[in-house]
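Accompanying notes for the structure given below.
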Amino acid sequence: MSSQRIYSLLRRAVVLSVLPLTLAAVIPTKAQASLYSTTVRDLDNATGYWRLGESSGTTAIDSSILGNYNGIYNGGVTLGQSGAIFNDPDPAASFDGINDYVQTYLDSNLPELTIEAWFKSDVNWGERSIVDSDVSGHYGHSLIQGYWNGDSSLDVQHHDGQYDSPFNVQPGVWYHAVARFMSGNVDLHVNGTLIGSKTFVQSTPDGDNFRIGRHNVFDPQ
Ligand SMILES: [Ca+2]
Ligand SMILES: [Ca+2]
Ligand SMILES: [Ca+2]
């Protein structure tokens, strides 16, 4: 554990969209619904949608239509932080980069899926996991700031390698990131702009269930 990490607060609000998609009707029970959130919920029809807007407790409600994947806050995640969306009452959660994370039970090992997240980083150095499914020695699908070399780029980890993107994160700025995983290809959009893509030889993903805010148990970030 590095003392520097104490200062590495990250605020992240996460939408995780995973294909294939299914349909039902569940209204969010804790995160505060808004025009933004209901539009995302209904148009994205994501498999999991965590708004991280809880004010207390240890449950991170899945606000997707099906709502099957409530997560668990671990390590003392700070709730009730300012959110990203103008005029949206729903707050965000802050992760300390030491042992804070949300564990979901959504399997990351799908050949095609999308990770969509709002995040704000307090620093632009060091590896900072935003949405992750890595297990030590195994690799799933993840969105990580400064992956591998701890620089300021926003990177996409795929099985089994990474897209080291040219997009550099600035501290204290909210970003909207979308990482799309297709068989043998990944791409990254930030704030609606395509940053780039990478092709690779696809092998079978062997990552873990999705987490928010932590790389893996041996390498917290
Ligand atoms: Ca939120
Ligand atoms: Ca903590
Ligand atoms: Ca880099």
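The values are calculated or read from the model by the stated rules, or taken from the named source; none is laboratory data. Remember, predicted model here, so these are calculated numbers, not experimental data. Glycine also receives a Cβ, built like all others from the backbone with ideal geometry; neighbour counts cover every protein chain displayed.
Observations
- Subset of segment 137-164 [small (G, A, S), within 22 Å of D44 (Cβ to Cβ) and either modelled with pLDDT under 95 or part of a loop (DSSP other than H, G, I, E, B) (or both)]: G140
- Close pairs (9 angstrom Cβ cut-off, 6 or more residues apart or separate chains): at negative phi in segment 172-188, surrounded by fewer than 17 Cβ atoms within 10 Å (Cβ to Cβ) and among the aromatic types (F, W, Y) anywhere: N185/F200; V186/F200
- Matching residues, segment 179-195, being of a type outside the set (D, E, K, R) and out of contact with any Asp or Glu (no Cβ under 7 Å at 6 or more places or on another chain): A179, G184, N185, V186, L188, H189, V190, N191, G192, T193, I195
- Residues that are more than 15 Å from the chain's Cα centre (by Cα) and among the acidic types (D, E), drawn from segment 47-73: E54
- Qualifying residue in segment 109-123 (condition: within 16 Å of ligand 2 (Cβ to nearest atom), in contact with a strand residue (DSSP E or B) (Cβ under 7 Å, 6 or more places away or on another chain), of a type in the set (D, E) and farther than 15 Å from D219 by Cβ): yes
- Residue in segment 193-205 that is of a type outside the set (K, R) and within 17 Å of W118 (Cβ to Cβ) present: yes
- Summed over segment 114-136, the residues that are modelled with pLDDT of 95 or more and of a type in the set (A, V, I, L, M) give a count of 4.
Quick grid of which residues meet (1) farther than 26 Å from Y36 by Cβ; (2) within 16 Å of ligand 1 (Cβ to nearest atom); (3) surrounded by 21 or more Cβ atoms within 10 Å (Cβ to Cβ):
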position: Q103; (1), (2), (3): no, no, no
position: P111; (1), (2), (3): yes, no, no
position: T114; (1), (2), (3): no, no, no
position: K120; (1), (2), (3): no, yes, yes
position: R128; (1), (2), (3): no, no, yes
position: D160; (1), (2), (3): yes, no, no
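- Residues in segment 137-152 that are within 8 Å of ligand 3 (Cβ to nearest atom) and surrounded by fewer than 23 Cβ atoms within 10 Å (Cβ to Cβ): W148, N149, D151, S152.
- Of all residues in segment 95-136 being outside any strand (DSSP E or B) and either within 15 Å of L188 (Cβ to Cβ) or polar (S, T, N, Q) (or both), the one that is nearest to ligand 3 (Cβ to nearest atom): N124
Here's the yes/no breakdown for (1) of a type in the set (D, E, K, R); (2) in contact with a Leu (Cβ under 7 Å, 6 or more places away or on another chain); (3) crowded, with 18+ Cβ neighbours inside 10 Å:
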site	(1), (2), (3)
T39	no, no, no
S55	no, yes, no
T59	no, no, no
G76	no, no, no
D107	yes, no, no
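- Scope segment 189-201; condition buried (at least 16 other Cβ atoms within 10 Å of the Cβ) and in contact (Cβ under 8 Å) with a residue 24 or more places away in the chain; matching residues: V190, I195, K198
- Single unsatisfied condition, D88 versus (1) surrounded by fewer than 17 Cβ atoms within 10 Å (Cβ to Cβ); (2) closer than 17 Å to Y36 by Cα: (1)
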